[in-house]
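What follows is calculated from the coordinates using simple rules that are stated; it is not laboratory data. Every value quoted in this text rests on a predicted model; they were computed, and no experiment measured them. As a convention, Cβ positions derive from the backbone with ideal geometry for all residues, glycine included, and neighbour counts pool all protein chains shown.
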Amino acid sequence: MRTLIGLFFVASSAVAADDAAAKAVAIIERSCLKCHGAEKQKSGLRLDSHAALLKGGKEGVVVVAGQPEKSRLVAAVEWKDEDTRMPPKQKLSDEDIAVLSAWVKAGAAWPEP
């Protein structure tokens, strides 16, 4: 019985992680890819794949998995620095910022296709 409960917990955790990753990537797709996608890469930053996200841009790494406080992506969407407010025209909702921060804290996994 313990094994079955353990397997259920592991499966539930994996589903929750994939759901959190899917929500975070949906925010990135909706809010970031116009300037940081396949067609345009402002500051050399591309955010349309996990590898690109981890690579960063001309200014270096933007996500430090597990450490939102050290991740430039989180600081940018929180509008902490006037020069790097992203998206630049309208701040994301507090809910979207919380999703992205929690996602980075959880390791910034990319959802399975």
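Sequence-ordered 3J(HN,Hα) estimates for the range 90-96 from the Karplus curve with 6.51, -1.76 and 1.60 and θ = phi - 60° stand at 8, 5, 5, 5, 4, 5, 5 Hz, glycine and proline given as x. Length gained on full extension, residue 79 to residue 59: 5.5 nm, using 0.36 nm per residue less the C-alpha separation. Taking the Cα atoms of the range 13-62, the ratio Rg/Rh between the radius of gyration and the Kirkwood radius comes to 1.04. Once the convex hull of all Cα atoms in the range 12-113 is built, its volume per residue stands at 92 Å³. The modelled label-to-label distance for the pair residue 33/residue 49, using points 7 Å beyond Cα in the direction of Cβ, is 1.4 nm. Residue 58 sits among other residues whose Cβ lies under 15 Å from its own Cβ, and their net charge, with Lys and Arg +1 and Asp and Glu -1, is +3. Rounded to 0.05, the FRET efficiency of the residue 102 and residue 41 pair, given R0 = 25 Å and the Cβ-Cβ distance, is 0.45.
Sorting the segments 86-92, 26-32 by their residues' average number of neighbouring beta-carbon atoms within 10 angstrom, most packed first, yields 26-32, 86-92. Proximity of backbone amide H atoms, modeled 1.01 Å from N, is registered between residue 57 and 62 at under 5 Å, excluding neighbours fewer than 5 places apart on the same chain.
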